[in-house]
Amino acid sequence: MLIKNGLIFINNKAVPKDILIENEKIIKIQDNISVDSNKNHKIIDAKGKYILPGIIDPHTHMRDPGLTYKEDFSTGSMACAKGGITTFLDMPNTIPNTITEEELLKKKQHSKNRSFVDYAFYFGGSKLDNSEEVKKVIDLSVATKIFMNVSTGNMLVEDEKILKNIFNNSKLVAVHAEGEMVKKAIEISAETKTPLYLCHLSTKKEIEYLKEAKNNNLKVYGEVTPHHLFLNESNLKDNPLLIMKPELKTKEDNEALWEAINEGIIDTIGTDHAPHTFEEKSNNSIYGIPGVENSLELMLQAVKEKKITIEKLIQLMSENPSKIFGLKSKGNLKVGYDADIILVDLNIDEKISDKNIISKCNWTPYKSFNKGGKVMMTIVRGNIVFNNGKFNNLKIGKEVV
Ligand code: DOR
Ligand code: ZN
Ligand code: ZN
C-alpha cells in the first residue's frame, strides 16, 4: 500500500509525505515515493487529508462476555474503527470477571476473529486475593486492574494486605481510585515498587497527588477521559445519562485537567468507554457512558480551540499509551512500526449526531458538540477496516500482548 499526498505532523507542522506500507509495517516515509509498478501496491490518494498514527485507547469496557446486550467485541471494535482507534485495552469487569487465568484464556479464545482493530486485555484484582493468578498471567495481560472505589460490577478490593499482594505480583497496576484512594494507591505503588496507572483522574486534588508522585520520581502515570475534560456538573443537572464513576466535577476541575495536560503531568487520554443501554440509563443510576466514537473528534476540536497542540494530542492518544503498556511497534508514524494509520479531515464544519451510532448502546453523551475533525479512513496493520463511513468486513484485529 502506498498512501500519497497526505499531510503528517512534524513538530506541530503539517508536511506533505508519502507513506509506503509492506507486510503490515511502515517501510518508508518520504516525499514523493514513486509507484513501483512491479509491486502492485494499492495507492491511496490522501490529498487534503491529515495522517495520524492510529489512536490507542487504554481504557474500554467492551462487555464481552456476559453483558453483550450493551456491547460486544465486534460492535465495540467497529465503534473504535469509526473513532480512529486502532488498538484498545479491555477491562476485566465482564461477567464472569476476568480474575482467573482460565477466564482470561477463555476471553482470549473468544475474542479471536471478532475484532476489527487490535486489542489487549487487563486482568482483574479480586477481593478474595487472586494474587497467585495475577502472577500466572503477568505476560498474558497488559496490567492488573484494581477497583479501589465502588463502580460498575462487584470488584471492589478494600483489604490493604490483599491490595499489596496483588501489587506485588503485577508488572503494572491500573486503578480506579478516587480522591484519597489515589493517594493510597500511590503509597502502595511506592512501597511495593510496582508502577501505577491512575485511571480517569477528575479533580484538581487528584492531579496534585499525581504531580507530587512524579516529583518524587515514582513510576506513576495519569489518565484523563474526554468526559472529565468536556463535561461538568452543569451538564449533569437532572440528566441520568451522565451518571458515571468518577462523577462529573466542576468547571474548575475541567480547567485543572487541561492545565495538567499542558504542563505535561497527564500521560494519556482514555475514554473509559462504558456502554449501557438507553433504557438502563434512563431508569437506573447505572454508571458509565460510551466514548470511543467521539474521543478523537472532541480532542481535535480542542486543538482547533488551541486548548492543546496536535503534537500533545498524538503523544497522549498514541505514543504514551503504547509506551506505558509496552505495545511494541505501535503508536507512532515511523519506519518499522505497525501500519496503524488514520486519515482525518480537519476542514469540516460538523456536529456530533445521535444518528448512525455504531456502539450497541446507540446513544452519545456529546450530541451537538462540534467535531474538530472526522476520521475518513482507518488502517490497521495495512488493512483498511473503515473507509468513508463504511466498514470493510475484515475482522483482522489481533491481540497485541
Ligand atoms: O462509570 C463507570 N462505568 N465507571 C467505571 O469505573 C466502570 C464503568 C462500567 O464498567 O460501566
Ligand atoms: Zn473506573
Ligand atoms: Zn473504566
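The values are calculated or read from the model by the stated rules, or taken from the named source; none is laboratory data. Note that this is a predicted model, so its numbers are computed, not measured. Neighbour counts run over all protein chains shown; Cβ positions are idealised from the backbone, glycine included. To get the accessible areas, we keep the full protein, side chains included, count just its heavy atoms, and leave off ligands, DNA and RNA. Shrake-Rupley method; radii C 1.70, N 1.55, O 1.52, S 1.80 Å.
Things to note:
- Accessible-area order (highest first, 1.4 angstrom probe) of the listed residues 180, 208: 180, 208
- Principal axis dimensions, region 207-265 - Cα atoms, whole angstrom, descending: 42, 18, 14
- Here is the P(r) of region 282-401: all C-alpha pair distances, binned every 5 Å from 0, give 2, 9, 16, 21, 21, 18, 9, 4, 1, 0, 0 in whole percents.
- Cα-based reach from residue 249 at 13 Å (exclusive), listing aspartates and glutamates while leaving out same-chain residues under 8 positions away: 178, 206, 233
- Surrounding net charge for residue 280, when Lys and Arg each add one and Asp and Glu each subtract one, Cβ distance under 14 Å: +2
- Helix-only arithmetic for the chain: the sum of -39500 (n - 2.57) across DSSP H runs with n ≥ 4, divided by the residue total, places the mean residue ellipticity at 222 nm at -7500 deg cm²/dmol.
- Modelled spin labels at residue 250 and residue 214, positioned 7 Å past Cα toward Cβ, are 2.3 nm from each other.
- Tilt relative to the chain, helix 204-215 - C-alpha long axis, 0 to 90 degrees, to 10: 80 degrees
- A Förster radius of 56 Å combined with the Cβ-Cβ distance from residue 285 to residue 28 puts the calculated FRET efficiency at roughly 0.60.
- Backbone N under 18 Å from the residue 356 label point (7 Å along Cα→Cβ), restricted to region 365-381: 365-379
- Residue-count net charge about residue 53 - beta-carbon cut-off 11 Å; Lys, Arg +1, Asp, Glu -1: -1
- Stokes-Einstein D in µm²/s, Kirkwood radius over Cα pairs - the chain at 37 °C with 0.692 mPa s viscosity: 155 µm²/s
- Nearest-0.05 FRET efficiency for residue 399 and residue 5, computed from C-beta distance (R0 30 Å): 0.35
- Here the extension length gained between residue 164 and residue 40 equals 39.1 nm, from 0.36 nm per residue of separation less the Cα-Cα distance.
- Using every pair of separate Cα atoms, the Kirkwood estimate puts the hydrodynamic radius of region 162-233 at 12.3 angstrom.
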